[in-house]
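The values are calculated or read from the model by the stated rules, or taken from the named source; none is laboratory data. These numbers come from a predicted model, not from an experiment. Cβ placement follows ideal geometry from the backbone for every residue including glycine, while neighbour counts extend to all protein chains displayed. Just so you know, the surface numbers come from the protein's heavy atoms only, side chains and all, with ligands and any DNA or RNA stripped out. Shrake-Rupley method; radii C 1.70, N 1.55, O 1.52, S 1.80 Å.
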Amino acid sequence: MKKKLLGALLSVAMVASLLAGCSGSAPAADDANATQAEAPVSDSAEAEAPAPAADGSKIGISMPTQSLERWNRDGAYLDEQFRAAGYETVLTYSDNDAGKQVNDIQNMLADGVNLLVVAAIDGEALNTVMDEAAEAGVPVIAYDRLIMNDAVSYYVSFDNYTVGTLQGQFVVDQLDLDNAGDKVYNIEFTAGDPADNNAGYFYQGAVDVLQPYIDAGTLNVVSGQTDFDSVATAQWSTDTALERAQNILSSYYADGTQLDVWVCSNDSTALGVAQAITSDYAGSNTVLITGQDGDEANLKNVVDGIQTMTVYKNVSNESIVTLALAQAMLNGEEIGESLIPSFGIDCAFDTESYETSAGHKCPSFLLVPSVITKDNLQELVDTGLYTMDDDGYLHAVQ
Ligand code: GAL
């Protein structure tokens with residue numbers, strides 16, 4: 001009888017948290033029966049002493065691919081966090097195949113998961129399985145990339161627009177564009193995967209900072225390619241970014257035109273652009289190249305002066321916030337700004353920026369990205385997630 005009562009209470013709590021999620025309505029009032037989940041406050045990769053899961057819940061963790069470095073870390077950290085907290089987990093990687101991700105998530109639902117954490121390959125391609133999850137009363141946390149479905153309960157990511165503004169502002173500061181006088185700097189752009197809702201935010205953030213300098217003629221996009229579709233990179237592919245950069249260099253810079261800046265939205269595309277510049281750019285100047293993620297090969301390029309900066313996102317912290325949110329959801333707690341102090345991680349609660357459909361805003365927890373250059377690599381070592389070898393190169397702990 002007692003177990004049935006607990007099960008019933010949890011069902012009520014879960015439905016309450018589901019309804020209080022993406023509907024945009026005020027979170028359900030504190031459920032007197034809810035227990036205060038022990039949200040971990042560690043800001044290192046080491047999980048806190050495991051807090052027993054409220055009911056031995058099973059968590060489905062759906063990651064997009066293992067071919068892009070960061071997702072291996074995301075998957076590992078999420079799996080570690082939830083298991084250390086006493087949850088059973090099902091972790092899948094869907095090879096950047098949206099159809100496979102639908103199947104993987106359907107299998108998780110059939111496996112009886114109590115909550116889903118999903119980093120979408122294509123934010124528009126999961127409607128069927130998101131609706132199936134809602135019908136099954138399984139809440140969904142959209143992880144890092146927004147899923148365009150109103151059944152999604154909450155979104156955990158970094159402030160994606162700020163990732164872009166950090167890249168744009170770095171260019172302004174590094175070249176001192178406000179004091180450029182008549183000097184003109186030539187610039188190109190490489191954005192991310194059009195299927196990834198983040199890619200538009202990254203690119204728009206950078207362009208919004210740099211557009212005034214383009215309008216003033218201080219920055220000149222020699223290829224003329226500035227609309228998102230022209231600069232986008234399917235699946236964030238390094239090879240695709242490399243090929244497009246080679247085409248631009250041969251078409252617009254083979255006559256000795258100097259290239260000064262190449263804004264890349266992330267490290268996998270920056271790797272391709274850097275390879276193209278190394279092999280195909282005839283100029284003798286160092287090209288300012290931006291990135292995002294702190295991938296190992298790119299951090300080596302930062303040390304070697306080939307890439308100038310990367311925007312770092314501590315995905316271990318992203319997993320800690322995701323666990324704390326999931327615990328609160330499963331325990332039927334009130335979810336909002338009040339949850340943030342328990343994270344022990346700098347984070348904002350945003351109910352306006354991320355729409356899953358026209359006017360339907362998904363409550364979001366947004367962590368804070370930071371700029372890494374060769375001058376502050378120690379900050380990455382200080383996270384405990386990277387080591388530095390004798391040559392000054394960084395290696396991810398996992
Ligand atoms: C984005 C993610 C970035 C970027 C890209 C490729 O959605 O937020 O970190 O690296 O995917 O993984």
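For the range 322-398, GluC sites (Glu not before Pro) are listed when DSSP marks them as loop and at most 16 other Cβ atoms sit within 10 Å of their Cβ; the list is Glu352.
Which of the aspartates and glutamates could a cross-linker bridge to Lys183, judged by Cα under 16 Å and excluding same-chain residues fewer than eight apart? Within the straight-line limit of under 16 Å, Lys183 reaches these aspartates and glutamates: Asp173, Asp215, Asp260.
Cross-link partners for Lys58 among the aspartates and glutamates, with Cα-Cα distance under 12 Å and sequence neighbours closer than 8 places in the same chain left out: Asp79, Glu88, Asp111. Axis angle, to the nearest 10 degrees, between helix 197-215 and the longest C-alpha principal axis of the chain: 30 degrees. If Lys and Arg each add +1 and Asp and Glu each add -1, what is the summed charge of the other residues whose beta carbon sits under 14 Å from the beta carbon of Ser250? After counting each charged neighbour, the total is -3.
Distant-in-sequence amide contacts of Asn114, defined by a placed amide H-H separation under 5 Å and a gap of 5 or more residues or a different chain, comprise Lys58, Ile59, Gly60.
Placing a label point 7 Å from the Cα of Ser353 along the Cα-to-Cβ direction, the residues of the range 197-227 whose backbone N falls under 11 Å of that point are 201-202, 205. Counting protein heavy atoms only, the range 160-292 has 44 percent of its accessible area on carbon and sulfur, 1.4 angstrom probe. Normalising the average separation of contacting C-alpha pairs (under 8 angstrom, six or more residues apart) by the number of residues puts the relative contact order of the chain at 21 percent. Using a probe of 1.4 Å, the accessible surface attributed to Ile248 totals some 0 Å² when neighbouring protein chains are kept in position. When the Cα gyration tensor is reduced to axis lengths a ≥ b ≥ c, the ratio a/c is 1.5 or higher for the range 160-292, and with a/b not above b/c it is classed as oblate. Model label points for Thr257 and Phe228, set 7 angstrom from Cα along the Cα-to-Cβ axis, are 2.5 nm apart. Per residue, the range 52-110 exposes 36 Å² of accessible surface when a 1.4 Å probe is rolled over the protein heavy atoms with every protein chain present. Compared with the direct C-alpha span, the chain from Gln174 to Asp375 gains 71.0 nm at full extension, assuming 0.36 nm per residue.
When only Cα pairs below 8 angstrom with a gap of at least 6 residues are kept, the range 160-292 shows a relative contact order of 29 percent.
The residues packed around Met148, meaning those with a beta-carbon under 14 Å from its beta-carbon, carry a net charge of -4 if Lys and Arg are +1 and Asp and Glu are -1. Net length available on complete extension from Thr383 to His360 is 4.7 nm, with 0.36 nm assigned per residue and the Cα-Cα distance removed. Between the alpha-carbon centres of the range 104-174 and the range 178-226 there is a gap of 27 Å. A simple charge model with +1 on the Cβ of Lys and Arg, -1 on the Cβ of Asp and Glu and nothing else charged puts the dipole of the range 50-156 at about 280 debye relative to its Cα centre.
For the peptides 144-153, 64-73, the ranking by packing is 144-153, 64-73, with the highest mean count of neighbouring Cβ atoms within 10 Å listed first. Summing charges over neighbours of Ala297, with a neighbour being any other residue whose Cβ is under 10 Å away from its Cβ, gives -3 when K and R count +1 and D and E count -1.
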